[in-house]
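Encoded as structure tokens, the structure appears first; notes follow it.
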Amino acid sequence: MSYAYNGSDVLHDVTLSTGVGSTVAVVGPTGSGKSTLATLMVRLIDPDRGDVLMNGMNARHLRPGEVASAVAFVPQEALLFDDTVRGNVLLGLDREDAAVWEALEAADVAHVVRELPDALDAQVGERGANLSGGQRQRIALARALVRRPRLLVLDDATSSVDPEVESRILNRLRTSELPSTVVVVAYRRATIALADHIVYVDRGRVAEAGSHAELLDRCTGYRSLVTAYEGGRTGRRTEGGVAAEDTNGDARSGASTAEADEGRTA
Ligand SMILES: Nc1ncnc2c1ncn2[C@@H]1O[C@H](COP(=O)(O)OP(=O)(O)OP(=O)(O)O)[C@@H](O)[C@H]1O
């Protein structure tokens with residue numbers, strides 16, 4: 001596939017396949033085209049050249065609603081409405097509370113919601129202001145999971161979540177029946193290491209693909225990026241400001257430690 005914004009190519013002849021049941025990490029320098037690739041996979045945009053195939057079917061030719069019922073996309077910035085937790089998870093979908101709780105459990109935020117005065121009926125405030133950034137991200141993840149998508153694409157969607165919690169969530173997703181396939185645009189070493197398959201994107205091309213060990217061995221760009229995440233302070237976007245990878249390769253956003261993350265609703 002190829003894709004251009006306003007005539008300027010950002011993805012060039014990218015070919016990528018994700019095996020059903022696999023967890024794939026998309027890694028690459030900033031501006032390399034990871035988010036563009038992620039949005040193409042869920043058909044938020046269509047490629048200028050080439051096609052996205054879902055179970056061998058050209059996504060352009062699927063019936064309206066067919067893609068939306070099979071895939072879910074969670075962006076970095078969780079958009080919550082001034083509504084209840086339940087309303088934000090379901091967005092009009094008709095599901096029992098048990099399904100909402102199940103999705104909240106999978107997103108590792110059920111315990112937070114249980115402690116809110118009105119639980120599922122608790123108001124999250126304008127843009128989810130009553131919750132921390134990491135909690136908002138997990139509610140947005142629950143919103144995706146309650147739809148039981150076959151393909152889940154996370155575009156840095158857990159950047160404000162404590163790294164241990166993020167690992168727990170991803171481990172759960174990997175082993176669950178649905179979503180069967182998870183694609184995650186990832187920055188943290190621990191997240192990347194959880195993936196079965198890693199795709200290294202550089203300047204709009206898939207430069208390398210393979211396991212973490214294989215890429216460390218044969219891809220200089222990947223090696224230096226992972227090393228930079230491990231050892232340096234790699235500034236990048238978060239809801240609250242700039243995050244940095246600490247010496248353990250864990251992204252932190254200022255005060256967004258686990259305690260701060262959980263503390264907002266206390
Ligand atoms: N809506 C847009 N309009 C014009 N150019 C865009 C748009 N979105 C992205 N771009 C450009 O396309 C290129 C790839 O962007 P993309 O967001 O896909 O990269 P990325 O690897 O996800 O970056 P990051 O790690 O910083 O999120 C960048 O040069 C970016 O400036």
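Looking only at region 84-101, which residues are open to solvent by less than 60 Å² (accessible area, probe 1.4 Å) and touching a residue at least 40 places away in the same chain (Cβ under 8 Å)?
Of everything in region 84-101, those that are open to solvent by less than 60 Å² (accessible area, probe 1.4 Å) and touching a residue at least 40 places away in the same chain (Cβ under 8 Å) turn out to be Thr84, Val85, Asn88, Val89, Leu90, Leu93, Ala99, Val100.
Given the criteria under 30 Å from Leu145 (Cα atoms), surrounded by 14 or more Cβ atoms within 10 Å (Cβ to Cβ) and touching a strand residue (DSSP E or B) at 6+ places or on another chain (Cβ under 9 Å), does Leu178 qualify?
Criteria met by Leu178.
Just to be sure, is Thr39 touching a residue at least 12 places away in the same chain (Cβ under 8 Å), within 16 Å of the ligand (Cβ to nearest atom), under 17 Å from Val206 (Cα atoms) and part of a loop (DSSP other than H, G, I, E, B)?
Values: touching a residue at least 12 places away in the same chain (Cβ under 8 Å): yes; within 16 Å of the ligand (Cβ to nearest atom): yes; under 17 Å from Val206 (Cα atoms): yes; part of a loop (DSSP other than H, G, I, E, B): no.
No.
Of the residues that sit in region 102-141 and are out of contact with any Lys or Arg (no Cβ under 9 Å at 6 or more places or on another chain) and among the charged types (D, E, K, R), which one is surrounded by the most Cβ atoms within 10 Å (Cβ to Cβ)?
Among those residues, the one meeting the criterion is Arg138.
Tell me the residue from Asp13, Asp46 that is within 16 Å of the ligand (Cβ to nearest atom), in contact (Cβ under 8 Å) with a residue 40 or more places away in the chain, open to solvent by 10 Å² or more (accessible area, probe 1.4 Å) and not in a strand (DSSP E or B), please.
Working: Asp46 fails: in contact (Cβ under 8 Å) with a residue 40 or more places away in the chain.
Matching residue, one of Asp13, Asp46: Asp13.
What is the number of the single condition among (1) out of contact with any Ser or Thr (no Cβ under 8 Å at 6 or more places or on another chain); (2) at pLDDT 95 or above that Asn58 does not meet?
(2)
Only one of Asp250, Asp246 is at pLDDT below 50 and under 19 Å from the mean Cα position of the chain (by Cα); which? Before you say what the answer is, go through the steps one by one.
On the way: Asp246 fails: under 19 Å from the mean Cα position of the chain (by Cα).
Result: Asp250 is the single residue among Asp250, Asp246 that is at pLDDT below 50 and under 19 Å from the mean Cα position of the chain (by Cα).
Taking the options Thr227, Thr234, Thr181, name whichever one is at pLDDT below 50 and of a type in the set (S, T, N, Q). Even if it seems obvious, please write down each step before you answer.
Working: Thr227 fails: at pLDDT below 50; Thr181 fails: at pLDDT below 50.
Criteria check complete, one pass: Thr234.
Restricting attention to region 17-31, and to residues there that are touching a residue at least 12 places away in the same chain (Cβ under 8 Å) and more than 17 Å from the chain's Cα centre (by Cα), which single residue is farthest from the ligand (Cβ to nearest atom)? Before you say what the answer is, go through the steps one by one.
Let us first name the residues in region 17-31 that are touching a residue at least 12 places away in the same chain (Cβ under 8 Å), namely 18-30.
Of the ones still in play, those that are also more than 17 Å from the chain's Cα centre (by Cα) are 19-20.
Details: Gly19: 23, Val20: 25 Å.
Among them, the one singled out is Val20.
Any chance region 142-160 includes a residue that's buried (at least 18 other Cβ atoms within 10 Å of the Cβ), on the phi > 0 side of the Ramachandran plot, within 16 Å of the ligand (Cβ to nearest atom) and assigned to a loop (DSSP other than H, G, I, E, B)?
yes
The values are calculated or read from the model by the stated rules, or taken from the named source; none is laboratory data. On a predicted model such as this, the values are computed, not experimentally measured, just so you know. FYI the Cβ positions are ideal-geometry reconstructions off the backbone, even for glycines, and counts take in every protein chain you see. For the accessible areas, the whole protein counts, side chains as well, though only heavy atoms, and no ligand, DNA or RNA atoms are used. Shrake-Rupley method; radii C 1.70, N 1.55, O 1.52, S 1.80 Å.
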